[in-house]
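A.B. asks: First the structure, which I've put down as structure tokens, then a few questions once you've had a look.
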Amino acid sequence: MGSPQPWLTLASRRAIVHLAVSPDASLLLACDAEGAVFVWQTEQAGLLAEFQCPAAVRQAAVLAEHVYVTVDGWRRGLLWQADEGGWMVAVPIASNGSDAVPFDAFAVAADARTLTLVSALDWLRWERTTNRVTAEHRPIEGERLAYPDGAFGVSADGSRIFLYWDELLVFDAATETLLSAGPRHFAANAAALDNAASKLLLGTPEGELIAVHPQDANGACLWRLQVSDLGLAQLMLGADGAVVGWIDEQGRFGLVDANNGLAIGVTTAP
């Protein structure tokens, strides 16, 4: 992962509220509480890009070098690209090429050409080349009645939607088909699901990171790791499901191998 010094220097001055890793793990993106975004090359440990969002970022992703997506707490999604002079320029993510579409979170398809946008308990498919929403999906009405008591999210590639409430439900994002249902065994402030729906990562109020199989009725852990003395506020699972990033309630962060639960290099928690 290269030298951790640049990340540790940033964390000593700013509270990090979101992390993202490029699909090949060559770029690490971090957002602070003021809406500043920093992108590093992990091998060279060099700062590649820095730009300012209009508000604190809720989620971000690396689509390619110098191409990024952000959504803030006001549900404003932006596509960032470098212009000819190297300046980062933002275009609103739109429903029809011009009108901005509000959403809460998103996932990036493997080809980086489409996003799955999560809006309350609905999800939409957005096409990058035309800047348009091409499909909209709604869950069964009975599930809507329980919103929002629990975690609701999307796998990294947008193929699976999950709800972690009194039970764990996993849907196919394209067809709305219920793929699996299982019990809930742990309290969680944050959750992340891999693309195959074979691993669910949970961040607990006690600062523990837990990996479980979504369909295990007994709630057996694949692994668990104490990563902070505070509750975990956000989890980020890499595109290939190999690395999970966590952020605690104080803005400290770290990376963990999602396959074995071992901490990876950089961490800012004690």
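The values are calculated or read from the model by the stated rules, or taken from the named source; none is laboratory data. Because the structure is a prediction, the values reported are computed rather than measured. Heads up, the Cβs are rebuilt from the backbone with ideal geometry, glycines too, and the neighbour counts pull from every protein chain shown. With ligands, DNA and RNA removed, areas are computed over all heavy atoms of the protein, side chains included. Shrake-Rupley method; radii C 1.70, N 1.55, O 1.52, S 1.80 Å.
A.B. asks: Taking the criterion of being at positive phi and surrounded by fewer than 21 Cβ atoms within 10 Å (Cβ to Cβ), would at least one residue in the range 232-239 satisfy it? If you could, list the steps in order and put the result at the bottom.
C.D. replies: Quick first cut of the range 232-239, residues at positive phi only: none.
No, that holds for no residue.
A.B. asks: Looking at (1) among the aliphatic types (A, V, I, L, M); (2) modelled with pLDDT under 85; (3) in contact with a helix residue (DSSP H, G or I) (Cβ under 8 Å, 6 or more places away or on another chain), find the lone condition where A30 falls short.
C.D. replies: The single condition A30 does not satisfy is (2).
A.B. asks: A further question on this structure: What strands (runs of 3 or more DSSP E), lying completely within the range 83-137, carry at least 1 residues that are over 27 Å from V170 (Cβ atoms) and modelled with pLDDT of 95 or more? So that I can check it myself, show each step before the final result.
C.D. replies: Values: elements: 88-92, 105-108, 114-119, 122-127, 132-137.
Output list reads 88-92, 132-137.
A.B. asks: Answer with yes or no whether S119 is out of contact with any strand residue (DSSP E or B) (no Cβ under 8 Å at 6 or more places or on another chain), among the hydroxyl-bearing types (S, T, Y) and open to solvent by less than 40 Å² (accessible area, probe 1.4 Å). Please lay out each step first, then the result.
C.D. replies: Numbers: out of contact with any strand residue (DSSP E or B) (no Cβ under 8 Å at 6 or more places or on another chain): yes; among the hydroxyl-bearing types (S, T, Y): yes; open to solvent by less than 40 Å² (accessible area, probe 1.4 Å): yes.
Yes; evaluated as a whole, the condition is true for this residue.
A.B. asks: Does S228 fit the bill of being in a loop (DSSP other than H, G, I, E, B), buried (at least 20 other Cβ atoms within 10 Å of the Cβ) and of a type outside the set (A, V, I, L, M)? Walk me through how you get there before you give the answer.
C.D. replies: Numbers: in a loop (DSSP other than H, G, I, E, B): yes; buried (at least 20 other Cβ atoms within 10 Å of the Cβ): yes; of a type outside the set (A, V, I, L, M): yes.
Answer is yes for this residue.
A.B. asks: Next up: For the subset of the range 62-81 comprising residues that are crowded, with 19+ Cβ neighbours inside 10 Å and in contact with an Asp or Glu (Cβ under 9 Å, 6 or more places away or on another chain), which member is nearest to A94 (Cα to Cα)?
C.D. replies: Looking at the filtered set, the residue picked out is L78.
A.B. asks: If I filter the range 31-53 down to residues being aliphatic (A, V, I, L, M) and free of Cβ contacts under 8 Å to residues at least 24 places away in the same chain, which single residue comes out as least open to solvent (accessible area, probe 1.4 Å)? Please lay out each step first, then the result.
C.D. replies: Initially, the range 31-53 is screened for residues aliphatic (A, V, I, L, M), giving 33, 36-37, 39, 45, 47-49.
Then keep just the ones that are free of Cβ contacts under 8 Å to residues at least 24 places away in the same chain; that gives 36, 48.
Details: A36: 7, L48: 42 Å².
The selected residue is A36.
A.B. asks: Then there's this: For the range 250-270, which residues satisfy the criterion of being open to solvent by 60 Å² or more (accessible area, probe 1.4 Å) and under 16 Å from the mean Cα position of the chain (by Cα)?
C.D. replies: The answer is none; no residue qualifies.
A.B. asks: Which members of the range 215-270 meet the condition of being modelled with pLDDT of 85 or more and among the aromatic types (F, W, Y)?
C.D. replies: Once the filter is applied, which keeps residues that are modelled with pLDDT of 85 or more and among the aromatic types (F, W, Y), the range 215-270 yields W223, W246.
A.B. asks: Give the residues of the range 196-214 that are open to solvent by 50 Å² or more (accessible area, probe 1.4 Å) and at pLDDT 90 or above, sorted by residue number.
C.D. replies: Matches in the range 196-214: P205, E206.
A.B. asks: Consider V57 against the criteria (1) open to solvent by 20 Å² or more (accessible area, probe 1.4 Å); (2) touching a His at 6+ places or on another chain (Cβ under 8 Å); (3) within 20 Å of G238 (Cα to Cα): it satisfies all of them except one. Which criterion is unmet?
C.D. replies: (1)
A.B. asks: Taking the range 167-183 as the search range and keeping residues that are among the small types (G, A, S) and in contact with a Lys or Arg (Cβ under 9 Å, 6 or more places away or on another chain), which one is farthest from L121 (Cα to Cα)? Walk me through how you get there before you give the answer.
C.D. replies: Our first condition is that a residue be among the small types (G, A, S); within the range 167-183, this holds for 173-174, 180-182.
Going one step further and asking which of them are in contact with a Lys or Arg (Cβ under 9 Å, 6 or more places away or on another chain), we end up with 173-174.
Working: A173: 12, A174: 14 Å.
Per the criteria, the residue is A174.
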